[in-house]
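Asker: Below is the structure I would like to discuss, written out as structure tokens.
The values are calculated or read from the model by the stated rules, or taken from the named source; none is laboratory data. On a predicted model such as this, the values are computed, not experimentally measured, just so you know.
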Amino acid sequence: MAIIHHATLQPSKEELLSGWIGTQRWYAGKGGTPKLTRLGSYRFDDPAGQVGVEINIVADSSTGESVVYQIPMTYRGAPLEGADHALIGGWSTRRSGTAGSTTAAMTRSSWRPCCAP
């Protein structure tokens, strides 16, 4: 069962995705600014607590017609060695009630997003 940590991510997942998705060859809104709405997500947990896998489902309305993408991502304590090409970004977290912050990297998995043209 997942442990839910109440944390503030800087930048947010949505901000990271918006900055990344527009650079992908399969992105339908080429040349435009992504306008993403998060429709939902689900997560798989690593029993060892080293890697999180989250599937995000977002709609982009930048072209006037909504296009839905399924974007699988992994979360790690540091960027995955040899996977710079897949790096979406990194962030700092600050959990409620604790001092300090940690950094993490978010990379897309090798799966292709669904519903992309």
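Asker: Would you pick out the residues in region 49-69 that are modelled with pLDDT under 90 and under 15 Å from the mean Cα position of the chain (by Cα)?
Answerer: If the condition is that a residue be modelled with pLDDT under 90 and under 15 Å from the mean Cα position of the chain (by Cα), then Val51, Gly52, Val53, Glu54, Ile55, Asn56 are the ones that fit.
Asker: Step by step: first the residues of region 1-48, then only those that are under 14 Å from Pro72 (Cα atoms) and of a type in the set (Lys, Arg), then the one that is modelled with the lowest pLDDT. Which residue is that?
Answerer: It comes out as Lys13.
Asker: Restricting to region 70-108, and then to whatever is modelled with pLDDT of 75 or more and charged (D, E, K, R), can you tell me which residue is nearest to Ile55 (Cα to Cα)?
Answerer: Arg76
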